[in-house]
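Rule-based calculations on the coordinates, nothing more; no lab input. Since we're looking at a predicted model, the values are computed, not measured. Note that we place each Cβ from the backbone using ideal geometry, even for glycine, and neighbour counts take in every protein chain shown.
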Amino acid sequence: MKEKLNYLKGLGAEIEDFDNLEVGFKVDGYYYGIAFNDFEISDRLETICRSADLYSCCGDIVDQDWMMCPSCKEHL
């Protein structure tokens, strides 16, 4: 877990929160969440972000193709 946190930091992600199972992080102003088991240390940041859940301003999971908050309909 600690190695993966350090790896994300090294890729430029800002760690927001984490527990034993998953990590929440920010990249370019977007908030993501991903389980530690869902990425490898060798993965690129772009790949990790595509595999992660993207969260909206209202805390909802966003469809990364639409890039719109399902609650308030604001575009991300």
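Summary of computed values
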item: Max mean-square fluctuation residue, GNM over the chain, Cα-Cα springs under 10 Å, options Gly24, Gly33, Gly59; result: Gly59
item: Only Lys, Arg (+1) and Asp, Glu (-1) charged, at Cβ; the stretch 2-62 dipole about Cα centre in debye; result: 180
item: Loop chymotrypsin sites (Phe, Trp or Tyr not before Pro), the stretch 1-74, which have at most 13 other Cβ atoms in a 10 Å radius of their Cβ (DSSP); result: Trp66
item: Top of Glu46, Glu22, Glu14 by mean-square fluctuation, Gaussian network on the chain, Cα under 10 Å; result: Glu46
item: 3J(HN,Hα) from dihedral phi, the stretch 13-25, Karplus parametrisation 6.51/-1.76/1.60, rounded to Hz, x for glycine, proline; result: 7, 9, 6, 9, 7, 6, 9, 5, 10, 8, 9, x, 8
item: Most positive-pole-ward Cα, Trp66, Ile15, Phe39, against dipole of the chain from beta carbon charges; result: Ile15
item: Mean separation of Cα contacts under 8 Å (6+ apart) over length of the stretch 2-62, as relative contact order %; result: 24
item: Cα extents of the stretch 2-62 along the three principal axes, largest first (Å); result: 30, 22, 17
item: Trypsin sites (Lys or Arg not before Pro) within the stretch 9-76: DSSP coil, no more than 12 neighbouring Cβ in 10 Å; result: Arg44, Lys73
